[in-house]
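J.: Provided herewith is a single structure, encoded as C-alpha cells, for subsequent inquiry.
Every number here is computed from the coordinates shown, using simple stated rules; none is lab data. All figures in this text were calculated on a predicted structure; none of them were measured in a lab. A quick note on method: Cβ atoms are made from the backbone with ideal geometry, for glycine too, and the neighbour counts reach across all protein chains shown.
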Amino acid sequence: MNCRLGSLSMSFILYSYPDCASHVVRMTLEELGATYRDEVVNMSADAHLGAEFLRLNPRGMVPVLVDSISGATLSETGAILQYLVDQSGRLGPSLSDLQARATFLKRLYFLSNTLHADAQLQYYTSRYVGDDLAEAARPAVHARMRSHFAMLDSAIAEHGGPWLLGGELSVCDFYVGGCARWSLLAPRHAPLEPEAVTRHPHLNALLEKLEARPSVIRAFDAEDTPRSMYFRAPVRSRWTKTLPE
Ligand SMILES: N[C@@H](CCC(=O)N[C@@H](CS)C(=O)NCC(=O)O)C(=O)O
C-alpha cells in the first residue's frame, strides 16, 4: 500500500459547501495538515446539479475529493475518510492490525450507512415520504437518531474513550461530530433537541474535546461559522443561515 506519510505530499481539491458533509472531510484534512484547494459548490444556486459538477459526482452531492497526485476522484464521505486513512497512515488503524481495523470499519460503516443516512432522512424527510407525510414521520426519525446517539455513547464507553475507537483520535470522531451538528441544526423548524446528544456523558465529552481542537476551529473558521459549541449547541454558518429549507 502506498501510504503518504507527512503532510507535504498530500494535495487535494475539496468540493464543498458550508455545513454540508464536506465539513467532515475538511476537519480531517485540517487535522492531517494536508494541502487542499477549496472549491465551493454554490448549492444555494444549484451548482451541484450543473453539468460541470455532475461530471465529478453524477448523484449531485457534496463532498467530492480529488487527489491531485493519484488522480482519484471520490464521493461518499465514508469512502473519502477511509481513503484518507489509507493514504496518510493516520487517523485510523492500518491493515497491519486486523482486529483494530475491523472495529474501525464496523464503526465507520455504521456512521456512514446508518447515522449519516438517517441524518439525511431527518433533513430531507419529504424526499423519502412526500410532503404530506413528512411531519407525521418526524417523531420516528427523531427516535432513530436518539437511539443512534445512545448507541454511540455505549460504544465510546466500551472502547474506554475518550474517542470512539478508544485512546486514539480517528476520522470516525469527525464524522460523529458532523452528524451531531446536522441533527441539532436541521431542518430549521424541527431539529433534534440538544439533550439527545448532550445527555450522554461519553458522547458529550468526546464532542467537547473535539470542539477544542485547532483543526476543528480552523475548519469552522474556513466556513465562516460563528464561534459556538460547534457540535452540541451549533450555530449555522453565515453562508447557510438564509438558505431555504
Ligand atoms: N451519501 C453522501 C451524502 C452527502 C450529502 O448528503 N450531501 C448533501 C449536502 S450535506 C448534498 O449534496 N445534498 C444535495 C442534494 O441532495 O440535493 C455522502 O456520504 O457523502
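J.: List the trypsin sites (Lys or Arg not before Pro) within region 139-244 that fall in a DSSP loop (any state other than H, G, I, E or B) and whose Cβ has at most 16 other Cβ atoms within 10 Å.
T.: Qualifying residues, ordered by number: ARG188, ARG199, ARG227, ARG238, LYS241.
J.: Ordered by residue, what ³J(HN,Hα) values in Hz, to whole numbers, does region 152-163 give under the Karplus form 6.51 cos²θ - 1.76 cosθ + 1.60, where θ = phi - 60° and Gly and Pro are x?
T.: Whole-Hz 3J(HN,Hα) from phi for region 152-163: 5, 4, 5, 5, 4, 4, 4, 8, x, x, x, 9.
J.: Right, another one. Which value in deg cm²/dmol, rounded to the nearest 500, describes the helix-derived mean residue ellipticity at 222 nm for the chain, given -39,500 (n - 2.57) per DSSP H run of n ≥ 4 and division by the residue count?
T.: -15000 deg cm²/dmol
J.: Once you put a point 7 Å from the Cα of GLU39 and another 7 Å from the Cα of TYR109, both along the Cβ direction, what distance in nm separates them?
T.: For the pair GLU39/TYR109, the computed spacing is 3.1 nm.
J.: Testing the spin-label approximation: label points 7 Å from Cα along Cα→Cβ at TYR124 and ALA150. State their distance in nm.
T.: Spacing of the two 7 Å Cα→Cβ label points: 2.8 nm.
J.: How large is ³J(HN,Hα), in whole Hz, for each residue of region 168-177 in order, when computed from phi with the Karplus curve 6.51 cos²θ - 1.76 cosθ + 1.60 and θ = phi - 60°, using x for Gly and Pro?
T.: Karplus values, whole Hz, x for Gly and Pro: 9, 4, 9, 4, 4, 5, 5, 5, 4, x.
J.: Here's something else I'd like to know. When the chain is modelled as a GNM with alpha-carbon springs shorter than 10 Å, which of LEU111, LEU152, LEU56 fluctuates the most?
T.: In the Gaussian network model the winner is LEU56.
J.: Near the amide H of ALA186, under 5 Å away, which other amide H atoms are found, from residues 5 or more places off or on another chain, if H is placed in the peptide plane?
T.: The list, which skips near neighbours in sequence, is LEU192.
J.: Please list the non-local residues whose amide H lies under 5 Å from the amide H of VAL64, H modeled 1.01 Å from N, same-chain partners needing a gap of 5 or more.
T.: TYR15
J.: Ordered by residue, what ³J(HN,Hα) values in Hz, to whole numbers, does region 41-51 give under the Karplus form 6.51 cos²θ - 1.76 cosθ + 1.60, where θ = phi - 60° and Gly and Pro are x?
T.: 8, 6, 5, 5, 10, 6, 5, 6, 9, x, 4
J.: Please give the length that would be gained between MET229 and ARG59 if that part of the chain were fully extended, namely 0.36 nm times their separation in residues minus their C-alpha to C-alpha distance (nm, one decimal).
T.: Stretched out fully, the MET229 to ARG59 stretch lengthens by 58.0 nm.
J.: Would you mind telling me which residue in ASP38, ASP86, ASP97 has the biggest mean-square fluctuation in a Gaussian network model of the chain, where springs connect alpha carbons within a distance under 10 angstrom?
T.: Checking each option, the largest mean-square fluctuation is seen for ASP97.
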